[in-house]
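The structure appears below as structure tokens.
The values are calculated or read from the model by the stated rules, or taken from the named source; none is laboratory data. These numbers were taken from a predicted model, which means no experiment stands behind them. Here the Cβ positions follow ideal geometry from the backbone for every residue, glycine too, while neighbour counts run over all protein chains shown.
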Amino acid sequence: MKWFTRIIQGILIIAFLLSGFVKLSGNTQMLHDFKEVYGYSKSMMYTIGSFEVLGAIGLLVGYWKIILGKLASVGLAIIMVGAVFTHLHAGQGLSVAMAPFILLVLTLIVLFSRGGKLK
């Protein structure tokens, strides 16, 4: 189970780094979605992108410092709950909200594992 959790953690690190860097790069499509579709500001996009990158770094350090990985998982889970709510509230449906929901589930698996063993 230890390796299963580590693989999930690695997938999350890559996913949140990519997602965060897209937001931080000021991608025009992402900016349009944040402003026009979700009703959020440009600074909110940069804030969420920063938290995603920091969370990914926290998950990476969590390979050696388990508590930091758990704290990063909490933060990323909160972001993913917000993402699922945002997509559903914007009327985009379950198909769009499914990606953040899957990331939420994977983040919760990492959060509730203890040293590779689920509680």
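Against the conditions (1) modelled with pLDDT under 95; (2) touching a helix residue (DSSP H, G or I) at 6+ places or on another chain (Cβ under 8 Å), Ile48 satisfies every one except (1).
Confirm whether Thr5 is more than 21 Å from Gly91 (Cβ to Cβ) and in contact with a strand residue (DSSP E or B) (Cβ under 7 Å, 6 or more places away or on another chain). So Thr5 fits the description; yes.
Could you say whether any residue in region 81-104 is surrounded by 14 or more Cβ atoms within 10 Å (Cβ to Cβ) and under 14 Å from Gly10 (Cα atoms)? Yes, the conditions are met somewhere in region 81-104.
Residues in region 54-64: is at least one at pLDDT below 95, under 26 Å from Gly10 (Cβ atoms), over 14 Å from the mean Cα position of the chain (by Cα) and loosely packed, with under 15 Cβ neighbours inside 10 Å? Looking through region 54-64, at least one residue is at pLDDT below 95, under 26 Å from Gly10 (Cβ atoms), over 14 Å from the mean Cα position of the chain (by Cα) and loosely packed, with under 15 Cβ neighbours inside 10 Å. Considering region 27-51 alone, what residues qualify as being farther than 20 Å from Ser73 by Cα and hydroxyl-bearing (Ser, Thr, Tyr)? Thr28, Tyr38, Tyr40, Ser41, Ser43 - these are the residues of region 27-51 that are farther than 20 Å from Ser73 by Cα and hydroxyl-bearing (Ser, Thr, Tyr). Here the condition is being among the polar types (S, T, N, Q) and under 9 Å from the mean Cα position of the chain (by Cα); of Ser73, Ser41, it holds for Ser73 alone.
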